[in-house]
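Student: Dropping a structure here in structure tokens format, bear with me for questions.
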Amino acid sequence: MTVIVTGGAGFIGSNFIFYMLGKYPGYRIVCLDKLTYAGNLSTLAPVMGDERFRFVKADICSREDVDRLFAEEKPDIVVNFAAESHVDRSIEDPGVFLNTNIIGTQTLMDACRKHGIKRYHQVSTDEVYGDLPLDRPDLFFTEETPLHTSSPYSASKAAADLLVLAYHRTYGLPVTISRCSNNYGPYHFPEKLIPLVIANALNDKPLPVYGKGENVRDWLYVEDHCRAIDLVIHNGREGEVYNIGGHNEMRNIDIVRMICKELGKPESLITYVTDRKGHDLRYAIDPTKIHRELGWLPGTRFADGIKKTVKWYLDNREWWETIISGEYMDYYEKMYGNNEI
Ligand code: NAD
Ligand code: TYD
């Protein structure tokens, strides 16, 4: 079995590669990644010498490169993680999101049609459903919830999902889609809430909380997401969407306080900053379908997962310190400089 994993030098893709190489000794895993600011080859260092693994630097929007790789590797399964993934960046500059997230998806699926595959899997997000009100804890996203996006990021992901379903209906491409809630864990790029707060707290820097910190996200440990995708690509039904989430809703401010406590840092580091434009209030997944059809349940409780994550950032300082010393500093200054309220 040969699996092409796009975006495998990023957060979830790299965790998925480690998971798959560990679980399936007979599989060949080929990572295709453009190595944007969010991709780190150093993350994949532990598997670079593995003869079952190959890394190829390429853009999923390049028909030529994608076609050549498919001709060489003849993949059975393609799992598309490659994306521009940060909401705040999409608000600043939507263009690259539309290109990578939509055109890149089309390019990959055209190669799948041309070369024939057993499964194309699109890694999507719960953000395609928009948000839920804070005062209706009885409401959850199911696979039938209408798509109702808020940010250029989520709009580009929803557009890609519709295209994936169109390729299934029109061309009979064997596709599946998974829509997961917010992930956390090792190798999470420190522009996202949890790793940013851990890195800043370790450096005794202000911890920026948007608005009042009351927005709610449904957090899932990254390995649980990887296990769910493994189940969907092997046992999920073609043409189906599967929501992934572990009923772990938390307010941003409570997450930040928990990290302060875990690191023994004072809450006085918390700094309220200008709210994100169009900021989604609450995400909450109903994972009934994937549980019922594929037997998936989350394995890591948040209290344990956040401890493991904090420990990983303490043990792997070099990984994130290298990142935050580079062009990330310019981004940080632009987004957070003089932004205190
Ligand atoms: P990430 O930003 O950490 O990694 C994205 C990877 O894609 C990087 O390695 C980058 O180099 C690569 N990439 C970007 N543009 C590319 C292109 N044009 N061609 C080839 N490679 C390219 O993202 P992540 O957090 O690991 O998210 C992975 C996927 O999971 C995304 O599709 C995202 O929408 C989805 N998702 C993420 C979360 C989350 O909480 N992070 C939750 C649900 C779904
Ligand atoms: P993020 O990690 O960017 O994920 P997403 O926007 O995809 O859910 O943000 C998680 C939540 O944390 C979101 O409500 C925005 C908020 N947030 C902050 O309060 N401060 C920050 O510095 C960042 C990056 C996010």
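Student: Accessible area per residue, 1.4 Å probe, Å², for the chain: what's the number?
Tutor: 42 Å²
Student: Follow-up question, since we're still on this one. Have a look at the range 233-341 and give its Rg and Dmax from the Cα atoms, expressed in angstrom.
Tutor: 18.5, 50
Student: Using a basic spin-label model with each label point 7 Å from the Cα along Cα→Cβ, how many nm lie between LEU314 and THR274?
Tutor: Taking the simple label geometry, LEU314 and THR274 are separated by 3.7 nm.
Student: Mean-square fluctuation check for the chain, GNM, Cα pairs under 10 Å: which of ASP131, ASP275, ASP33 is largest?
Tutor: In this elastic network of the chain, the residue with the biggest mean-square fluctuation among ASP131, ASP275, ASP33 is ASP275.
Student: On the accessible surface of the chain, probed at 1.4 Å, how many percent belong to carbon and sulfur atoms?
Tutor: Of the solvent-accessible surface of the chain, carbon and sulfur hold 51 percent.
Student: Hey, what number do you get for the chain at 222 nm if only DSSP H runs of n ≥ 4 count, each worth -39500 (n - 2.57), divided across all residues, to the nearest 500?
Tutor: When only DSSP H runs of four or more count, the value is -12500 deg cm²/dmol.
Student: Once the mean 1/r over all distinct Cα pairs of the range 1-151 is inverted, what Kirkwood radius in angstroms do you read off?
Tutor: 16.5 Å
Student: For the pair MET250 and ASP76, what calculated FRET efficiency results from E = 1/(1 + (r/R0)^6), where r is the Cβ-Cβ distance and R0 = 35 Å, to the nearest 0.05?
Tutor: For R0 = 35 Å, the calculated efficiency reads 0.40.
Student: How many percent of all Cα-Cα pairs in the chain sit more than 33 Å apart?
Tutor: In whole percent, the long-distance tail amounts to 23.
Student: Classify the range 95-151 as rounded, prolate or oblate, taking a ≥ b ≥ c as the square roots of the eigenvalues of its Cα gyration tensor: rounded when a/c is under 1.5, otherwise prolate if a/b is larger than b/c and oblate if not.
Tutor: Oblate shape, in that a/c is at least 1.5 and b/c is the bigger or equal ratio.
Student: Quick one: net charge around ASN248, please, counting Lys, Arg +1 and Asp, Glu -1 for every other residue with C-beta under 11 Å from its C-beta.
Tutor: -1
Student: Run through the range 1-108 and list the GluC sites (Glu not before Pro) located in a DSSP loop whose Cβ has at most 11 other Cβ atoms within 10 Å.
Tutor: Hits after loop and neighbour filter: GLU51.
Student: Please list log₁₀ I(q)/I(0) at q = 0.13, 0.16, 0.19, 0.25 Å⁻¹ for the range 217-259, using the Debye equation with identical point scatterers on the alpha-carbon positions.
Tutor: -0.39, -0.54, -0.66, -0.88
Student: If you average over every viewing direction, what projected area does the convex hull of the Cα atoms of the range 277-341 give, in nm²?
Tutor: 7.9 nm²
Student: Using the Kyte-Doolittle scale, which helices in the chain average at least -0.5 and also have C-alpha atoms spread 24 Å or more along the helix axis, with helices defined as whole DSSP H runs?
Tutor: 152-171
The values are calculated or read from the model by the stated rules, or taken from the named source; none is laboratory data. Bear in mind that the values here come from a model prediction, so they are computed numbers and not experimental data. Virtual Cβ from ideal backbone geometry, glycine too; neighbours counted across all protein chains shown. Heavy atoms of the whole protein, side chains included, go into the accessibility calculation; ligands, DNA and RNA do not. Shrake-Rupley method; radii C 1.70, N 1.55, O 1.52, S 1.80 Å.
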